[in-house]
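The values are calculated or read from the model by the stated rules, or taken from the named source; none is laboratory data. Just so we're clear, the structure is a prediction, and the values are computed from it rather than from any experiment. All Cβ positions, glycine included, derive from the backbone under ideal geometry; neighbour counts span all protein chains shown.
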Amino acid sequence: MMKGAFRRLARDGITVVERRDWLHLRRPLSAGREPVSDWHRLEWNHQLAGGTKLALASDGRIELRSEIPVCDKDRLSERLARTRQGFKQGAAQHDGESSRPRLSTTEPLEPLEPLDIARLEAMLDEGGRVFRRRSESALSVTLPGVVERPLCLESTPRWAVRASLDLVTLADWSPESRTAFCRFLMMTNGTLRLARASLEGERARFEVCYDTTPTLIDLDHAIVALEAASRFYYREARALSEPVLASRFLDWLEGPSESSRTTTHTEHLQTRARPRRPLAPRHPLGMSRPLLNLVG
């Protein structure tokens, strides 16, 4: 059965690599028929099945990604099938007819089972997590060292369970800040494992979504992924609300000129040189972090 699932993924142009008990699925995308904004890509992320996400790769290309833990082998075939559906959704929209946020070929799949809030509470209690019930369909979970930003576990019309960490609401942001912020989130999607950045309306968040009620191990994976997103990217993402910083960030992504190749990172931000390159240098976590010099 598993060999058949992997053959179907290969036929769809999806590469699968196993690293440290995780399957990493990737598929590069073409440029598409129409220009697509990062804003629309992030809106699509919110709807894609199987934890699929549109991301900016290190070579500057847009690709579909997903990460699946292999510890739950009984549900692995089902998860691969859902992820394959998510890849089909994302590819059809991105390479297809429209740059509108609605998925063009397949409506979002309904959750496979309803939320069992008592079961979630029991698993969080077993895992030693600090939480409280917010409503009949939502829990608030305290992240270690991130008391001011609790994680939300909730049931939605689309997902049996969504674990999410709100970032910002973009209603009052300048166009330049929005552009820089969306590009930054697309970059994080190329580095985070399991979690994805998405937009719903004008609200941005990191999220991990499940079609079925997750297991205790699933919850631990989701919480750890969102802890990492909060620790590494939350402060930087919010800093892009400042138009000056957003402008410098976009200029820095375009790279230094030939005459400024030997200048420091901060110096070439100040020169605002414009020749293009795919992406900025990477730190050990694999993420470009120009904002550290500006918000530290």
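Worth a mention:
- Pairs where the first residue, in segment 127-144, is charged (D, E, K, R) and the second is outside any loop (DSSP other than H, G, I, E, B), C-beta under 6 Å, 6+ apart: 129/141; 132/140; 133/139; 134/140
- Selection status of residue 171, surrounded by fewer than 22 Cβ atoms within 10 Å (Cβ to Cβ), assigned by TED's automatic domain parsing to the domain that holds residue 222, touching a residue at least 24 places away in the same chain (Cβ under 8 Å) and among the small types (Gly, Ala, Ser): yes
- Segment 191-212: number of residues that are in a strand (DSSP E or B) and of a type in the set (S, T, N, Q): 1
- Restricting attention to segment 21-56, the residues that are within 13 Å of the chain's Cα centre (by Cα), under 17 Å from residue 188 (Cβ atoms) and not in a loop (DSSP other than H, G, I, E, B) add up to 12.
- Condition check for residue 29: closer than 20 Å to residue 195 by Cβ, among the aliphatic types (A, V, I, L, M) and touching a residue at least 40 places away in the same chain (Cβ under 8 Å): no
- Flag if residue 177 is touching a residue at least 60 places away in the same chain (Cβ under 8 Å), within 20 Å of residue 49 (Cα to Cα), of a type outside the set (Asp, Glu) and not in a loop (DSSP other than H, G, I, E, B): no
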